[in-house]
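Student: One structure coming up, written as structure tokens, with questions to follow.
Bear in mind that the values in this text are calculations on the coordinates, not laboratory data. Model, not experiment: these values are computed from the prediction. Note: ideal-geometry Cβ built from the backbone for every residue, glycine included; neighbour counts use all protein chains shown.
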Amino acid sequence: MIIQAITAVLSPDVLLFMTIGVVVGALIGALPGLSVVMAISILTPITFSLEPAQGLAMLIGVYNSGVWAGGISAILVNTPGTPASIMTTLDGYAMTKRGQAGLALGINTIYSVIGGIISSIILMIAAFPIAKFALKFGPAEYFALALFGLSMIIGISEKSIIKGIMMGCFGFLLATVGLDSMYAYPRFTMGNMDLLQGIPYVAVMIGLFGFGEVLTQIFDSSSVLEKKEKTKIGRILPTWKQFRTFAPITFICALFSTVIGAIPGAGGDIASIICWDQAKKVSKDKENYGKGSEEGLAVTCVSNNGIIGGAMTTMMTLGIPGDAVTAVLIGSLMMYGLQPGPMMFVDDRPFVYKIMIMMIIANIVILVFGLATAKASAMLLNFKKEYIWIAIMILSLVGSYAINNSVFDVIIMLICGVVGFFLKRCDFPLPPLILGLILGSMAESNLRRALALSSGSFGVFFTSPISLVLIVFTCAALIGPFIMRIVKKGKKSEVAHEGE
């Protein structure tokens, strides 16, 4: 079955669409302000006309490539293309200033690929055992799992936890629109037949992350991408001695970032911050970290893409998004007729193998493409912002219409774009809304099924060991950040008193 999956993925048509995805991901990732989430949200409905293997190959190419390419602008102009490449600016831009932009770009490409491949191998090893364990889940366990996933709203709430919770609850409320999951009774449809199937989440995602982002950039002058002077590139490939020196620490960071990626709500920015900080503590070159350390750059790059395999493992085996991108990919898989979760490993086992092989092949394509285009990378930052905005607007309109060939979906997209614009202006995080919208129906339907089977007794959620553990984790995830803030405030007040 694995041989058949490799043969299918290596077919010319699948490789072509994967390469297209890698190129698109590189363009999106390298341009500051444009996110991988936005790219996949826009491309998902466009790939609906393709075969599932072709469409998913393109999206996986965009995912892996976009995270890697975020480091290009971080290295060249000290502006992270994606949140995951925030730490790349510390050592990458310092290398550019001393004339080593080429080496920095080479390290970014090579170690991003290494992190992606290692995490993909872990996905292949760990996914099936996790899925086999998840087959023991019933309605009570699935509700607890959805609740745990929703609790990760805390982890992706950016600046304000309260605002993140509000957005998650808003997404949960949107998930109740449509036919009731138990009795098929219309809810909140206001007599509109288009809302019987619920609010189209792909149109919502395109509006929030695509159209809304364009409106934000047009309004916010700080998003303007100015032309930069031609940057000196220099040598691209690291030396063999550098490879040997970086190998132990980067391998450990790749493993560690994969684990972080498997935690719902954690992302490449968290993984790179943690790995960079810990690597600095044990490194022999700790004095140069943040001042242009090649090792420090390699650590952040391997961590950025290392989270992808972990996030995909959580998404595929449990149906819980590991990050904002996999939250969108859940919708993509559902559009292809695949339901992420343990049953996918039973009913769609051949396609699961294809996804795993695609992850590895996508990284190989990135390696070839990244090294071949390193010297031309700076040109990506000179595109006029107006052309980018027009392209995204057109893709948003076409993509939202292509979901169901419905003007109503376009209207939903436009409304969500305007709403997303105002939410961003007020510093409300958008990923929690998507998380609530996607997991809301899962939580509600399994809650009601569990209560129906237990004759209305909530004890069913505490008599199951799996459900009980997940509920404890949920409480810890919700309460933990507040406790940490109180502790930090207490320490700061103690220090202030001691200073007096």
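Student: Mind sorting Thr326, Thr245 by how few other Cβ atoms lie within 10 Å of their own Cβ, fewest first?
Tutor: Details: Thr326 26, Thr245 18.
Fewest to most other Cβ atoms nearby, the residues stand as Thr245, Thr326.
Student: On full extension of the chain, what length is gained from Ile486 through Ile252, given 0.36 nm per residue of separation minus the C-alpha to C-alpha distance?
Tutor: Roughly 81.0 nm would be gained on extension.
Student: Where the convex hull is taken over the Cα atoms of the range 2-499, what is its projected area averaged over directions, in nm²?
Tutor: Working: hull surface 100.8 nm².
For the range 2-499, the mean projected area of the Cα convex hull comes to 25.2 nm².
Student: What's the exposure ranking of Ser85, Ser293, Ser441, going from fewest to most Cβ atoms within 10 Å? Mind showing how you got there, number by number?
Tutor: On the way: Ser85 31, Ser293 22, Ser441 19.
Least to most surrounded, the residues fall as Ser441, Ser293, Ser85.
Student: Given a cut-off of under 8 Å on Cα pairs at least six residues apart, what relative contact order in percent is computed for the chain?
Tutor: The value is 28 percent.
Student: With r as the distance between the Cβ atoms of Val407 and Cys169 and R0 = 22 Å, compute the FRET efficiency 1/(1 + (r/R0)^6) and round to 0.05. Each step should come with its number before you reach the end.
Tutor: On the way: r = 30 Å, r/R0 = 1.34.
Calculated value: 0.15.
Student: Now for a separate question. Among 389-395, 431-437, 53-59, how do they line up from the highest to the lowest mean number of other beta-carbon atoms within 10 Å? Before the final figure, lay out the partial values.
Tutor: On the way: 389-395: 15.7, 431-437: 27.1, 53-59: 25.3.
So the order, starting with the most tightly packed, is 431-437, 53-59, 389-395.
Student: Give the long-range amide H neighbours of Thr189: residues separated by 5 or more places, or on another chain, with amide H under 5 Å away, using H modelled in the peptide plane at 1.01 Å from N.
Tutor: Gly178
Student: In a solvent-free Debye calculation with one equal scatterer on each Cα, what is log10 I(q)/I(0) for the range 277-327 at q = 0.25, 0.27, 0.32 Å⁻¹, listed in the order of the q values?
Tutor: Listed by q, the Debye log ratios stand at -0.81, -0.89, -1.12.
Student: Arrange the following residues from fewest to most other Cβ atoms within 10 Å of their Cβ: Asp194, Asp409. Let's see the in-between values first.
Tutor: Values: Asp194 16, Asp409 24.
Ranking Asp194, Asp409 by Cβ neighbours within 10 Å, fewest first, gives Asp194, Asp409.
Student: So between Lys132 and Arg448, what do we pick up on full extension, going 0.36 nm a residue minus the alpha carbon distance? Don't skip to the end; give the middle numbers.
Tutor: On the way: separation 316, 0.36 × 316 = 113.76 nm, distance 2.47 nm.
Here the answer is 111.3 nm.
Student: Let me ask you something else. In nanometres, what is the gap between the two model label sites at Gln242 and Lys97, each 7 Å from Cα along Cα-to-Cβ?
Tutor: Here the modelled spin labels are 1.9 nm apart.
Student: So, counting K/R as plus one and D/E as minus one, what does the shell of residues with Cβ under 14 Å around Lys281 add up to? Intermediate values should be presented prior to the final figure.
Tutor: Working: positive: Lys280, Lys284, Lys286; negative: Asp277, Asp285, Glu287, Glu295.
Around Lys281, the surrounding residues sum to -1.
Student: Rounding to the nearest 10 and keeping the result within 0 to 90°, find how far the Cα-based axis of helix 349-372 lies from the longest principal axis of the chain.
Tutor: Orientation of helix 349-372: about 20 degrees from the principal axis.
Student: What does the helix-only formula give at 222 nm for the chain: each DSSP H stretch with n ≥ 4 adding -39500 (n - 2.57), the total divided by the residues, and the result rounded to the nearest 500 deg cm²/dmol?
Tutor: On the way: 21 runs with 351 residues, N = 500.
Dividing the helical sum by the residues of the chain leaves -23500 deg cm²/dmol.
Student: If you don't mind, there's one more thing I want to ask. Given R₀ = 35 Å, what would the calculated FRET efficiency be for Val398 paired with Phe188, taking r from the Cβ atoms and rounding to 0.05? All intermediate terms of the calculation are to be shown ahead of the outcome.
Tutor: Values: r = 28 Å, r/R0 = 0.81.
Efficiency at R0 = 35 Å is approximately 0.80.
Student: Beyond a 31 Å Cα-Cα separation, which of these cross-linked pairs lie in this structure: Lys280/Lys375; Lys286/Lys385; Lys241/Lys291; Lys291/Lys424?
Tutor: On the way: Lys280/Lys375 29 Å; Lys286/Lys385 39 Å; Lys241/Lys291 20 Å; Lys291/Lys424 33 Å.
Lys286/Lys385; Lys291/Lys424, as the Cα separations exceed 31 Å there.
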